[in-house]
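Working notes, structure below.
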Amino acid sequence: MDTTGLSVASSMEGISGVTKAFALRSHESAASKRLFWTLNGPLETAIQVAPNQYYEPGNVMEPYFRPAAAGLAPSWHPVSQESLMEPQVATITVRLECFDAWEDLWVELHRHCTDTRTDPRRPRAKDVQLKVTASGGDGTFVTIHDYVSAVHPWIMDMREPLLDVLYKVGGGQLFLPEMKLAVLQFGVGPLSIGREDQWASFHKKPKPPGTYRPVSSISPEENEEITRKVTERMKARSAARILEMERLRQENARGDGPVHLTFNIGHATFPLPDPFKYCVQKPESDTPDR
């Protein structure tokens, strides 16, 4: 190969272009990470603003909405006009993580008894999404208020199906109508929703490098206990899937209505989600499999 006249800079042009593109990929702004965003009422009472992007016990929150007082008109917190993303974006498509997870789980449970690509009963996460665009006069970037003012009522309007989906993918955890919910993460990737009391753990300040406990310092007894807990979780998930597939097999063989089963995790017993009642194609023979 003749490399005459080929400089290092020119040979690295493609790589530098990729690096630049990766560096410009948008991520949540520090301002957007300050929101403690609950899903239990109207927008005016749903959000509080933390002093910074990391939660610390004792932090004093400020209300996102400021009602009229002492002759002042009602207003939104100044953070509302900050950019949602860095670098700024003019539009963003919102998807919900739990709906993505439910579609994946449905496909896993039904892949052996139906064409999951074309079955009309398959839940489609792409059908549950919202496009948010900049509302400013020049439309330069999506602000935090552009985002929350569009997304909050959208989510609240689907609270009942949202609770249903959270239950389906929650490993047996019940999500009752009075459950206090919060947005755990948003911006990049699907929006994540969970219990209100989980928010703080998602916004802890990262530990400085070198402060994590090295694996080598874990005693054999501690390692054994960690392994035991992981194994128990895996067994519980496997048992739930086995029971569900057996229920589907029984329905398919007998043509009966739903068979209500439960599975155990520790000392607690949970019902398997009722929506796992698909895949009831008639058997080729009238004689049930034994």
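Going from the residue with the fewest nearby Cβ atoms within 10 Å to the one with the most, CYS98, CYS113 rank CYS113, CYS98. Between ILE226 and ALA200, the C-beta separation translates, for a Förster distance of 25 Å, into a calculated FRET efficiency of about 0.60.
Put simply, when 195-207, 235-247 are sorted by average Cβ atoms within 10 angstrom per residue, most first, you get 235-247, 195-207.
If you take the beta carbon distance between ALA70 and ARG241 as r and set R0 to 51 Å, what does 1/(1 + (r/R0)^6) give as a FRET efficiency, to the nearest 0.05? The pair ALA70/ARG241 has a calculated efficiency of 0.30.
Every number in this text was worked out from the coordinates using simple rules, so none of it is lab data. From a predicted model like this one, the values you see are computed outputs, not experimental measurements. A quick note on method: Cβ atoms are made from the backbone with ideal geometry, for glycine too, and the neighbour counts reach across all protein chains shown.
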